[in-house]
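Visitor: For reference, the structure I am asking about is given below.
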Amino acid sequence: MSATTDMAKASHSRRRWQRRKLAALAAACIVLTAFVAWALSLGPLPLTPAREVSTTIVDRNGKLLRAYAMADGRWRLPVDAKTGVDPGYLKLLLAYEDRRFHLHRGVDPLALGRAGLQLVTRGHIVSGGSTITMQLARLIEPRRERSVYAKLRQMVRALEIERRMSKDQILDLYLAMAPFGGNLEGIRAASIAYFGKEPKRLSLAESALLVALPQSPETRRLDRYPEAARVARDRVLDRMVEDGQISEEDAIGAKAVPVPRLRKPMPILAPHSADQAMASVKDTPVIALTLDGGLQKVLEALARDRAVALGPSISIAIIAVDNATGDVLARVGSPDYFDDRRAGQVDMTRAVRSPGSTLKPFIYGLAFEDGFVHPESLIDDRPIRFGSYAPENFDMTFQGTVPVRKALQMSLNVPAIALLDRVGASRLSSRLKQAGANLVLPKDEAPGLAMGLGGVGITLQDLVQLYCGLARLGNTLPLREIVNQRGNPRDSLRLLDQVAAWQVGNVLMGTPPPENGVHNRIAFKTGTSYGYRDAWSIGFDGRITIGVWVGRPDGAPAPGIVGRTAAAPILFDAFARTGKLPAPLPKPPRGTLLASNATLPLPLRRYRPMGELVRTDGEQAPRIQFPLNGSRIDAASADGTQFSAMPVKVAGGVLPMTMLVNGVSVGEIDGRRRRLIDPPGPGFARLTVIDARGAADTVVVRIQ
């Protein structure tokens, strides 16, 4: 009986144990089902907004030029842990925050157990159990409460993050989102704001500080609580010494470094180019420009220094372009982006202004191309009238007969207008537009002779594109500033033929430089617009073309601001600050005529307006070289009672030649084509010379 009873009791016990197991399993299934249902109820992980970053503008080498804060004012810069962050910082971060980061799958049971044991044995938190992935989950879905529920939520999200992202992607996103106080998020924003540099090279003290700040970013803000930040940094160093990550000596040295107490401004190089890129390219976190950050920085400093010397209302613009590619290497739109008095936020490289004499080289280029003049040809610089238009030189004097080369180098107005009259203003305008320049004429006006002296509007960047075409032997490239921007045509455009372009460059290479320049190193041209409103200087060597504009942004006159004394010295300084010696210009193209005036073909020895023919026997019509038409002659004695003899010099003509003063013969010109005449008295006198074949020339002078 007892045996039967024992067996019954054992069977009942087994059934009861099985029922308990089944109940426990059912409960576990219910809990698991509920947990899964709860996890699924969390919805999709909001990774898209988490990946949003500040738009950054970088140069051709990836260097940060400027960053723009996000719409809510936060600074969050994209980061690549492998190439953009100091390895020492990463080692310190993982050792302090998550030493098993590369081993766990989002949740580290060992870290959780260690944190719990330290809490029980020491009575306070020594190290947290959260992995970097769990911290990232908290950053993606920020919550203020600290509870078991919140921790479970982080674990679930951490597992999901690990399933969807690689370890490198997780680390990059964490380094971009980690809070560092105020509106600073991410290692790059913090390093730039606190240390003024990218986090590629950090000291031990800097690395430890950046590890400590995200633990409590608001109570350790360097601009508010620097002492609390220092204590937290030293705690990180002590912990790393305990774990054997760094030596005691290194920790002592790092602790001696003071912590920063002020935030540094975010970099703002090339602000006008950055603004233009932001307006042109949408939904791109990183916009790469063709600019060279180093050159941009030194040219901005040059413009700032020179503007201070020139006056508080004077602005300066500089643009540098690579000849071979048309890439913009530097663009300085104003000396100071934040200077309202100089209208600093207006990009003067894109402003339409009067070019002064800077279009003259293209007049000469078309004349060379047409073949009716050569750099060694002679041309007259004397008073002349084209209808109602009578051009004058900047210094109100005339040089007489000069080589074409000298006429361009001295920027003489009369020869340039004479050639433009022969070339045609409409043809010059069409050719420049064909080469990519946008010329702006007054409303309802057609191109005229005045455009040769600045009677047209053009931007500095278009002028630089044209001069770059001279360096490229006659073809231009549309300037490019945004790398790989769609819709930007890159086909070359015709400006001049190769020989004409080389001849212009060769002439400009001999232009006398300013006091801070060296002869025959840079081909350049200056210009000053009417009323001293714009001063220009554009130059090129075999590698780069640089343009400089100086003036007032509001278009008001700036007396004393002329191209040669205001803009040219800046141009030569800009070339010097490129850090490279000027590159030689291309060699003469095939077919270039290299000759002196005496060995030129007869029609090229002297420029003649349309209709003036060369004599068949090689003689030219007589021309009075001195005195010049319209000139003033000081011939009176000190007391004004007597007048000294006045020399007359004649070129060309067939001897014998007769000299007339106010229509009265005063004798013949001698064999050297010279004669001294007695002035008829104060006032205007008409001097005429007639050669043996009846050809004549007349000038009117004022004797005083």
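Every number in this text was worked out from the coordinates using simple rules, so none of it is lab data. These figures come from a predicted structure and were not determined experimentally. Backbone-built Cβ (ideal geometry, glycine too); neighbour counts: all protein chains shown.
Visitor: Hey, could you get me the Stokes-Einstein D for region 147-302, Kirkwood radius over alpha-carbon pairs, 10 °C and 1.306 mPa s, rounded to whole µm² s⁻¹?
Guide: The calculation lands on 86 µm²/s.
Visitor: Separate question: Using the Cα centre of the chain as the reference point, and only Cβ charges (+1 on K/R, -1 on D/E), how large is the resulting charge dipole? Debye, rounded to the nearest 20.
Guide: So the dipole magnitude of the chain works out to roughly 3040 debye.
Visitor: Now a separate question. What residues have an amide H closer than 5 Å to that of residue 633, excluding those fewer than 5 places away on the same chain, when H is modeled at 1.01 Å from N in the peptide plane?
Guide: 702, 703, 704
Visitor: Amide H of residue 286 versus every other amide H placed in the peptide plane: which residues, excluding those fewer than 5 positions away on the same chain, fall under 5 Å?
Guide: Amide H to amide H, under 5 Å and 5 or more residues apart or across chains, residue 286 pairs with 56.
Visitor: Here's a follow-up. When DSSP assigns beta bridges and you keep just the ones with both residues in the chain, what percent turn out antiparallel, to the nearest 5?
Guide: Taking every DSSP beta bridge within the chain, about 90 percent pair in antiparallel fashion.
Visitor: Sticking with this structure for a sec: Under a straight-distance cross-link criterion of Cα-Cα below 18 Å, which aspartates and glutamates are reachable from residue 649, leaving out those fewer than 8 residues away in the same chain?
Guide: 380, 381, 619, 634, 668, 670, 678, 691, 697
Visitor: Once you have the Cα-Cα distance between residue 238 and residue 286, take 0.36 nm times their residue separation minus that, and quote the gain in nm to one decimal.
Guide: Contour length minus the Cα-Cα distance gives 13.4 nm.
Visitor: Okay, next question. Among 201, 606, which comes first, second and so on when ranked by fewest other beta-carbon atoms within 10 Å?
Guide: Result, fewest neighbours first: 201, 606.
Visitor: Given Cα pairs under 8 Å that are at least 6 residues apart, what percent is the relative contact order of the chain?
Guide: 9 percent
Visitor: If you don't mind, there's one more thing I want to ask. Once a ≥ b ≥ c are taken as the square roots of the eigenvalues of the Cα gyration tensor of region 360-576, is the result rounded (a/c under 1.5), prolate (a/b larger than b/c) or oblate (a/b not larger than b/c)?
Guide: rounded
Visitor: Nothing charged except the Cβ atoms of Lys and Arg (+1) and of Asp and Glu (-1): what's the magnitude of the dipole of region 166-261 about its Cα centre? Round to the nearest 20 debye.
Guide: Rounded to the nearest 20 debye, it is 340 debye.
Visitor: Provide 284, 545 in ascending order of the number of other Cβ atoms located within 10 Å of each residue's Cβ, fewest first.
Guide: Ascending Cβ contact count within 10 Å gives the list 284, 545.
Visitor: So what's the Cα pair-distance distribution over region 461-586, bin width 5 Å, in %?
Guide: Values per bin, smallest distances first: 2, 11, 19, 20, 18, 15, 11, 4, 1.
Visitor: Of 502, 536, how do they rank once you tally other Cβ atoms within 10 Å and put the fewest first?
Guide: 502, 536
Visitor: Treating only the Cα positions of region 547-594 as identical point scatterers, give the base-10 log of I(q)/I(0) from the Debye formula at each q in 0.14, 0.19, 0.26, 0.33 Å⁻¹.
Guide: -0.59, -0.75, -0.97, -1.20
Visitor: Could you pull out every residue, at least 5 positions away or on a different chain, whose amide H is within less than 5 Å of the one on residue 480? Hs are placed 1.01 Å off N in the peptide plane, and Pro or chain starts have none.
Guide: For residue 480, whose amide H was placed from the backbone, the distant partners under 5 Å are 327, 328.
Visitor: Continuing with this model, one more query. Read phi for every residue in region 183-195 and hand back ³J(HN,Hα) as whole Hz from Karplus 6.51 cos²θ - 1.76 cosθ + 1.60, θ = phi - 60°, with x for Gly and Pro.
Guide: 9, 8, 10, x, 5, 5, 4, 5, 5, 5, 6, 9, 10
Visitor: Here is a further query. Check the straight Cα-Cα distances from residue 360 and name the lysines below 25 Å, setting aside those fewer than 8 residues away within the same chain.
Guide: Within the straight-line cut-off, residue 360 pairs with 406, 433, 443, 525, 587.
Visitor: Which shape class applies to region 428-527: rounded if a/c is under 1.5, otherwise prolate when a/b exceeds b/c and oblate if not, where a ≥ b ≥ c are the square roots of the Cα gyration tensor eigenvalues?
Guide: Oblate, since a/c reaches 1.5 and b/c is not below a/b.
Visitor: Sticking with this structure for a sec: Taking a cut-off of 45 Å, what percent of all Cα-Cα pairs in the chain are separated by more than that?
Guide: 48 percent
Visitor: Report the charge-dipole magnitude of region 351-401 in Debye, nearest 20, computed about the Cα centre from +1 at each Lys and Arg Cβ and -1 at each Asp and Glu Cβ.
Guide: 240 debye
Visitor: In nm, what is the difference between 0.36 nm times the number of residues separating residue 60 and residue 396 and their Cα-Cα distance?
Guide: So the extension gain works out to 116.2 nm.
Visitor: A further question on this structure: Once Lys and Arg get +1 and Asp and Glu get -1 on their Cβ, which of 371, 307, 514 lies farthest toward the positive end of the dipole of the chain?
Guide: Value: 307.
Visitor: Classify region 346-400 as rounded, prolate or oblate from the Cα gyration tensor: take a ≥ b ≥ c as the square roots of its eigenvalues, call it rounded if a/c is under 1.5, otherwise prolate when a/b beats b/c and oblate if not.
Guide: Judged from the Cα gyration tensor, region 346-400 comes out oblate (a/c at least 1.5, b/c at or above a/b).
Visitor: Still on this model: How large is the helix-only mean residue ellipticity at 222 nm for the chain, computed as the sum of -39500 (n - 2.57) over DSSP H runs with n ≥ 4, divided by its residue count, in deg cm²/dmol to the nearest 500?
Guide: So the helix-based figure for the chain works out to -11000 deg cm²/dmol.
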